[in-house]
1. (1) under 17 Å from residue 579 (Cβ atoms); (2) without any contact (Cβ under 8 Å) to a residue 12 or more places away in the chain: which one isn't true of residue 523, the others all being true?
2. Go over the candidates 261, 297 one by one and state the one that is touching a Leu at 6+ places or on another chain (Cβ under 9 Å) and of a type in the set (Gly, Ala, Ser).
3. Please go through segment 555-613 and give me each residue that is of a type outside the set (Lys, Arg), out of contact with any strand residue (DSSP E or B) (no Cβ under 9 Å at 6 or more places or on another chain) and assigned to a helix (DSSP H, G or I), ordered by number.
4. Within the group 407, 455, which residue is farther than 23 Å from residue 293 by Cβ and touching a Gly at 6+ places or on another chain (Cβ under 8 Å)?
5. Among the residues of segment 592-615, is any surrounded by fewer than 21 Cβ atoms within 10 Å (Cβ to Cβ), out of contact with any Asp or Glu (no Cβ under 8 Å at 6 or more places or on another chain) and over 30 Å from residue 156 (Cβ atoms)?
6. Quick check: anything in segment 373-383 among the small types (Gly, Ala, Ser), within 13 Å of the chain's Cα centre (by Cα) and modelled with pLDDT under 95?
7. Tally up the residues in segment 75-105 that are closer than 25 Å to residue 325 by Cα, touching a residue at least 60 places away in the same chain (Cβ under 8 Å) and of a type outside the set (Val, Ile, Thr), please.
8. Taking the residues in segment 388-436 that are of a type in the set (Ser, Thr, Tyr) and out of contact with any helix residue (DSSP H, G or I) (no Cβ under 7 Å at 6 or more places or on another chain) as candidates, determine which candidate is farthest from residue 483 (Cα to Cα).
Amino acid sequence: MTLSNQEYQHLYQESINNPEAFWDKEAREAITWHSDWSKTFEGALQEGETAWFVDGKLNAAYNCIDRHLDTEADKKALIWEGNTPCDVKTLTYAELHQAVCKLANVLLSFGVKPQDTVGIYMPLIPEAYIAMLACARIGAVHSVVFGGFSADALTHRLNDAGCKVLITADGSARGEKAINFKAVVDEALLSTPKVEQVLVVKHAGLDIAFQPKRDVWYHEVIQEVSAVCEPVWMDANDPLFILYTSGSTGKPKGILHATGGYLVYTAMTFKHVFDYKPEDIYWCTADVGWITGHSYGVYGPLLNGATVLIYEGIPTYPTPSRCWEMIDRHKVSIFYTAPTALRSLRREGDDYVTQTSRQSLRVLGSVGEPINPDVWAWYEAVVGNNRCPVVNTWWQTETGGIIITPLPGTTPPGKGSAGKPFFGIQPDIVDGKLVITKPWPGMMKTVYGNQQRFLDTYLTEVPGAYLTGDLASVDEDGNYWIKGRSDDIIQVSGHRLGTEELESALISHDTVSEAGVVGVHDDIKGEAIYAFVTLKADANADDALKQALVQHVRKMMGPVATIDRIQWAEALPKTRSGKIMRRLLRKIARHDVGSLGDLSTLAEPDVIEALIEGQKAQSIKEVI
């Protein structure tokens, strides 16, 4: 049901003024509980000890599958499309239930017990969803590692989480590339003494190495077990999963989420943020190796009984029309993707979009980083034909679910803003930094194995509040504008300029596809502005265009925003989830490439080498 703005205001005030009563009611509506809780909430942010639905019992897989079977057994739960458009598989809720129960029994046969950790390193195929839910069914903790990570990154995550079993696949096809997952696994497992068993899905048909005592074929053992597996009822504050996220420094952090609060929050946010209706076909393009894939690829939609589209390939294969063709083919009504994907598709030109219908679309979503106003406008006008609301969601791995967002038909945002806080979220801005001053059910429980790092990173700098690490402002209408990470500020002649604002100014020029902006030392101004710019396919990269871009940004932001140097870039260094890695751009711009630090989350390592060579080709003294 779409909320009116008046209903939103009423519910929001109720959630802030009387949060325990609010969440008690929502938890009973959103989730099926095996037994009731004694307290809705206890603890405090400042101590880093919070607990929701204390003593309540539930099971995540039961809530995602079993409770839908009486009425929706034959409804499609998953629609999977492979790298080749004609390669399509579907699973109904009944079929998903059977597959999850069988895999759960396989894990039990391996000796997996409640709160043991199971690693998952897979392509985006139905078995990845099945693996997560099978772990949840028996009370095991899943730790999904994105399938593009290196062996070293996989090794660290498996060891830190203490995984005893790993579920993987032989390989995957993405565009013209065949990716050998098992080869990466074999290298990683040379240094993972706790991993005893590897379950391998035969998916791509690749020739792989096999260790008979350790490695087991999924398709073989799944035939040997029962399709009946009763759920294990877990405490609401037992762990559900560990998911690793990297900062600019230090080792990746294992973000641990508990079961009850996380499920309540993801179920509720999915329902309201996407204005979900039972007939919707929903597509979140994120991999399950990221929190978006967890919360809004798996748990949020399945908790609501939705039909979920999964796509294994890349958005431009075999042509840049692939996403829009898939939307037509599967009648997708809700589409949720990242600004980096939108910028890439926008770069290819509008024809690839407009040659498709997209009439099924009803709601468009954005996630992962601030969306530039020009990209927002293109998404709304060209992709959505000016008839679909755009929900620009802001949240983090640590928050568990969306915490600042527009609601379709309810809270119209400023184009490019993150909108207003979701129910129960009380934001504040301290020294330009966004903090959350009240606990909410979806919030992380701790950094796995390192409570002190949890306190130091998130709860110490602003006592009594959760520090997001992002800069933000709020406008007169109450909309929040996310300006990027707090370390992404350039100080020019005493003026603080946000990199996201500078990048948006560049992208608003009709020749620019993407931009990454950093600061470099300047003897007079303190810092100078250095821009890495990726042009659209038909643009001419020359000095005249550099001058035009400099003047364009000056006109939009004033003379203080004069760009000192522009470097053309075929691509920008990004994490696997699509965020620009500005710390690497800073190192390149500052000629500090001797040690680039942790590159485990870098999507395309070749990009760095190309940028370094591009910089060398320019004169160090170049002044535009």
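1. (1)
2. Criteria check complete, one pass: 297.
3. Within segment 555-613, 556, 559, 606, 609, 610, 612, 613 qualify.
4. Only one candidate qualifies: 455.
5. Checked against the condition, which is being surrounded by fewer than 21 Cβ atoms within 10 Å (Cβ to Cβ), out of contact with any Asp or Glu (no Cβ under 8 Å at 6 or more places or on another chain) and over 30 Å from residue 156 (Cβ atoms), segment 592-615 yields at least one hit.
6. no
7. The number of residues fulfilling the criteria is 9.
8. The selected residue is 399.
The values are calculated or read from the model by the stated rules, or taken from the named source; none is laboratory data. Note that the structure is predicted; figures quoted are calculated from it, not measured. All Cβ positions, glycine included, derive from the backbone under ideal geometry; neighbour counts span all protein chains shown.
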